[in-house]
Amino acid sequence: MSDHVSFADLTSGAVTGTIAAVIGHPVGHSLSPNLHNPWLAGAGIEGRYRAVDVPPEVLAGAVPAFRDLGLKGFNVTVPHKTAIIPHLDALAPVARQMGAVNVVAFDEAGKATGYNTDGTGFMAHLKASVPDWPVDRPALVIGAGGAARAAIVGLLGEPLPFVMITNRSRDKAEAIASEIGRGRVTVVDWADRHAAVGGAGLVANTTSLGMKGQPPLELDLAAAAADSVVYDIVYQPLMTDLLTRAEARGLRTVTGLGMLVEQARAAFRIWFGQLPEVPEGQIAELEARFR
Ligand code: ATR
């Protein structure tokens with residue numbers, strides 16, 4: 001049976017044995033079942049993780065339906081990360097701060113709590129990839145969408161002097177700085193982003209620029225210090241134009257797939273109380289798809 005199913009198939013009982021899920025619209029591209037199902041098997045947990053297409057007009061029914069089906073919880077992806085909030089019983093502080101939920105967990109009484117593991121995923125992958133990434137200087141975050149919020153929430157938990165944010169639409173960067181910046185986020189004008197690279201220990205692209213079918217991110221790396229790190233959350237392709245140019249300059253680079261894996265591991269822990277073992281070859285196999 002495919003792990004990509006419709007909401008109707010799930011609620012009608014045509015698909016059984018689901019223990020966790022991801023909801024989105026569309027959700028056909030989701031890699032999450034490829035991650036979670038081997039982890040469930042490895043942990044000896046019965047049940048499948050399924051990608052469920054939930055159009056916005058039926059979102060309100062998702063929480064009661066999944067509760068009734070006995071799911072441990074579910075992931076939430078585009079376009080429901082903010083829209084799901086009014087349908088939940090409680091919100092973890094990080095999800096409240098970000099105004100977005102990517103994980104919902106049911107407790108024994110069926111109470112649905114929203115969490116956000118995107119910031120954890122961003123940081124966990126950075127630390128695993130470059131343990132000695134520079135924290136003596138500010139980080140520079142490019143973009144001001146949901147992924148930028150996650151990156152900034154993660155970075156603000158680190159001993160950095162401050163975080164710089166730059167975005168084509170400056171007002172969105174200003175909004176992030178004032179809503180979640182806690183006085184440690186400064187806005188850099190989009191035109192000044194190239195120069196800002198020089199003062200940054202970490203440069204992180206959180207926009208979709210550089211993704212297959214999108215133009216590359218225009219960011220001059222000439223000013224980058226030799227020990228700085230360039231992180232791109234885009235993973236299709238794995239080596240974006242930005243990372244290729246960074247590597248050519250001898251800078252350390254971090255690809256985007258690991259953030260997806262780490263936010264998923266953190267979600268698994270919320271539902272099942274243990275971090276999953278990543279089977280040998282699982283990540284390499286996923287990476288090979290995007291090379
Ligand atoms: P997500 O929530 O996945 O991060 P998003 O909210 O659509 O996605 O944000 C996309 C980001 O990419 C935004 O920062 C956007 O800049 P604007 O706020 O100015 O729209 C940025 N982006 C997308 N296309 C861009 C382009 N051609 N040039 C510069 N920035 C771009």
DSSP beta bridges in segment 117-221 [antiparallel fraction, %, rounded to 5]: 0 percent
Helix 32-43 versus the longest principal axis of the chain: what is the Cα-based angle in degrees, 0 to 90, to the nearest 10? 70 degrees
Theoretical ellipticity at 222 nm over the chain - DSSP helices of four or more residues, -39500 (n - 2.57) apiece, nearest 500: -10500 deg cm²/dmol
Rolling a 1.4 Å sphere over the protein heavy atoms, what is the accessible area per residue of the chain, to the nearest Å²? 43 Å²
For a protection proxy built on the mean count of beta-carbon atoms within 10 angstrom, sort 28-35, 73-80 highest first, please. 73-80, 28-35
What does the charge dipole of segment 103-228 about its Cα centre add up to, to the nearest 20 debye, if the Cβ of each Lys and Arg holds +1 and the Cβ of each Asp and Glu holds -1? 180 debye
Relative contact order, percent, the chain [alpha-carbon distance under 8 Å, six or more residues apart]: 15 percent
Magnitude of the charge dipole, the chain, Cβ model with Lys/Arg +1 and Asp/Glu -1, debye to 20: 240 debye
Report for segment 74-175 the percent antiparallel among DSSP-assigned beta bridges with both residues inside it, nearest 5. 50 percent
Compute the angle between helix 146-155 and the longest alpha-carbon principal axis of the chain, please, reported from 0 to 90 degrees and rounded to the nearest 10. 70 degrees
What part of the accessible area of the chain, given as a whole %, is carbon or sulfur when the probe is 1.4 angstrom? 53 percent
Charge dipole magnitude, Cβ of K and R +1, D and E -1 - segment 236-291, Cα centre, debye nearest 20: 200 debye
Any idea which of Ala246, Ala43, Pro26 is furthest toward the positive side of the dipole for the chain, if Lys and Arg beta-carbons carry +1 and Asp and Glu beta-carbons -1? Ala246
Putting +1 on Lys and Arg Cβ atoms and -1 on Asp and Glu Cβ atoms, find which of Ile270, Tyr235, Ala284 reaches farthest to the positive end of the dipole of segment 206-291. Ile270
Could you tell me what percent of the DSSP beta bridges with both partners in segment 1-109 are antiparallel, to the nearest 5? 20 percent
The relative contact order of segment 124-172, taking Cα pairs under 8 Å that sit 6 or more residues apart, comes to a percentage of 42 percent
Taking the Cα centre of the chain as the origin and placing charges on Cβ (Lys, Arg +1; Asp, Glu -1), which of Met259, Phe66, Pro215 is farthest toward the positive end of the dipole? Pro215
For the chain: lysine pairs under 29 Å (alpha-carbon distance), excluding those fewer than 8 apart on one chain: 10
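The values are calculated or read from the model by the stated rules, or taken from the named source; none is laboratory data. Please read all numbers here as calculations on a predicted model, not as lab measurements. Virtual Cβ from ideal backbone geometry, glycine too; neighbours counted across all protein chains shown. Note: accessible area is taken over every heavy atom of the protein model, side chains too, but ligands, DNA and RNA are not part of it. Shrake-Rupley method; radii C 1.70, N 1.55, O 1.52, S 1.80 Å.
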